[in-house]
Amino acid sequence: MTTTPNEGAPPRSWKPEDPESTPRPRLDRAVGRGEVRYSGRRFVIGGLITITLFWIGLFAILRPGLVGYKQRSEFGRREVAPAVFGMLKVQPPGVDPRAWDDAVRAAHGLLATATDSGSMSIETLTALRDKVQAAAARAQARPEAALAELAALWDDVAADAQKFRRPGEPDLDRRHARPSILPPAKG
């Protein structure tokens, strides 16, 4: 026995005068009610364009600050911190060479941390580099005063680092302990 797909259903008429033969209204516009509906696709595309324009604007505003931060941080890492290695050429009398090397390397770490914040201007970093180079030159000229020079440099850099410390960053004393061979800090 063969059955037709509409078995048991009333026959449908497809004549033009039949009310069912009119096409259904499109989903994006309701006909006759004065109501206009918008496509979700347009909403999503408009939202993506808005978000993209927002990010481009934010990037354009923040980029100069980020570039300046990177330049200042790199200047400190490349120019300021290595200047203390001039003191490695000096051997203060009565000081163990290994302890002296460790103290100079600790000073390098302190300088690297102090200049890494990116908060110091290039002029401030240049002045700090000149101060470190001058201390190294004085230590080379008078090896007996090298410990005092390194101690004074440590105190100055630690004070500068506290001024330019980033919020939420741990205290400098926790990160860089003062080498034991240096005389105690003044004040």
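Of all residue pairs spaced 6 or more apart or on separate chains, those with beta-carbon atoms under 6 Å, a first member in the stretch 99-114 that is free of Cβ contacts under 8 Å to residues at least 40 places away in the same chain and a second member that is in a helix (DSSP H, G or I) are H108/A81; H108/V84; A112/A81. Per the listing A158, A83, A99, the residue uniquely crowded, with 16+ Cβ neighbours inside 10 Å, modelled with pLDDT of 85 or more and part of a helix (DSSP H, G or I) is A83.
The values are calculated or read from the model by the stated rules, or taken from the named source; none is laboratory data. No experiment lies behind these values; they were computed from the predicted model shown. Note: ideal-geometry Cβ built from the backbone for every residue, glycine included; neighbour counts use all protein chains shown.
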